[in-house]
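First the structure, in the form of structure tokens, and then the observations on it.
Bear in mind that the values in this text are calculations on the coordinates, not laboratory data. All values derive from a computational prediction rather than experimental measurement. Glycine also receives a Cβ, built like all others from the backbone with ideal geometry; neighbour counts cover every protein chain displayed.
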Amino acid sequence: NAFPGFQTQQGGPSQLLRGQWVHTVSSKVVNEFRASYTNINFSFSLLPSTAVGPLANMPFIQFGSDINFPSIGIDSGEPQGRAHKTYQFQDSISYSTGRHSIKAGVDVTDVNFHDLLALNQRGTIYYNSGGDSTSLGNFVDDTTGQDPGSLSKSSGNPNLTTSATMFAPYIEDIWRVKDNFTLNLGLRYEYWGALANALKYPTMNLSAGFGVPGQTAAAIPTLFGTKQVPDKRNFAPRIGL
């Protein structure tokens, strides 16, 4: 629905590669190894003609529901995109003896990504009705209206580049207690890292209260520069009958 000069484009490639190797060590032991690679590079970006246009940096202008009039400008949510590369390695050992089949392994995943966040850097103006005028009339009069209208704009760096290595070992036992009864017991642990620590202000220190009333600029890093604490308690028990 964009006017000429404000059009965008969406798309990008994706790739998935996978390999598996199984080694029969003995009649009781089997080793399995899997490796995979995933790559996505999707973007919601401006057409080249839009990016060089004379109105490329104007605010995104929207109108109220009182009229059926299209928005003017480039959508405030664009450009944005995500480029993620994931390397995953899985290795396991299976051991069978008597009525037990024991399997232990580990899943290691390395994630690297560059995200272009949908930061409203050009700004948005929302015109609404009110004051004896429609939202389009208020746009002509350069007032946001009384219902009310709104203005918004964001600042900051929309580029986020970070990586993390995820680690998940596990062990399970399939125990054939009787010919018609099997018990499955297992435990898995997962560690997912702390991706947010790539940000300058990854988390908020709630002990300092909400907002920054009476705080100087020098205090901002102390209040909002708190590192994300990774969760190291992700144990997942498993039981089946």
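Note on Val106/Arg82: beta-carbon distance plugged into 1/(1 + (r/R0)^6) with R0 of 35 Å gives a FRET efficiency of 0.80. Entry note, the chain: the mean residue ellipticity at 222 nm calculated from DSSP H runs of n ≥ 4, each adding -39500 (n - 2.57), is -1500 deg cm²/dmol after division by the residues and rounding to the nearest 500. Just to be sure I understand the curve: with the Debye formula and one point per C-alpha of the stretch 32-91, what is log10 I(q)/I(0) at q = 0.13 Å⁻¹? Cα-only, vacuum Debye calculation for the stretch 32-91: -0.57.
Inter-label distance, Gln9 to Ile239: 5.8 nm, where each label sits 7 Å from its Cα along the C-beta direction. Projected label points at Ile220 and Tyr189, each 7 Å from Cα along the beta carbon direction, are separated by 4.0 nanometres. Between Lys153 and Ala196, what is the FRET efficiency for a Förster distance of 30 Å, r being their Cβ-Cβ separation, to the nearest 0.05? Result of the calculation: an efficiency of 0.80.
One Cα centroid belongs to the stretch 15-72, the other to the stretch 101-126; the line between them spans 10 Å. Between Phe69, Val22, Gly225, the Cα set farthest toward the positive side of the dipole of the chain (charges on each charged residue's Cβ, about the Cα centre) is that of Val22. For the chain, the longest piece that avoids every one of the trypsin sites (Lys or Arg not before Pro) found in DSSP loops with at most 14 other C-beta atoms within 10 Å covers 29-98.
Spin-label model, Tyr95/Gln228: points 7 Å from Cα along the beta carbon direction are separated by 3.8 nm. So for the chain, considering every pair of alpha-carbon atoms, how many percent are separated by more than 32 Å? So the pairs more than 32 Å apart make up 52 percent of the total in the chain.
With the convex hull drawn over the C-alpha atoms of the stretch 102-241, the volume per residue is 232 Å³. For the listed residue pairs Lys103/Lys227; Lys200/Lys232; Lys28/Lys85; Lys28/Lys232; Lys85/Lys153, the alpha carbons are over 25 angstrom apart in Lys103/Lys227; Lys28/Lys85; Lys28/Lys232; Lys85/Lys153.
Within a Cβ distance under 12 Å of Gly130, other residues only, what is the Lys/Arg minus Asp/Glu net charge? Every neighbour counted, the sum reads -4. With a Förster radius of 51 Å applied to the C-beta separation of Tyr37 and Ile67, the computed FRET efficiency comes to 0.50. Across every pair of non-identical alpha carbons in the stretch 1-125, the mean reciprocal distance, once inverted, gives a Kirkwood radius of 18.9 Å. Place a label point 7 angstrom from the Cα of Thr165 along the Cα-to-Cβ direction, then list the residues of the stretch 105-144 whose backbone nitrogen is under 12 Å away. Of the residues in the stretch 105-144, 108-111 have backbone N under 12 Å from the label point off Thr165.
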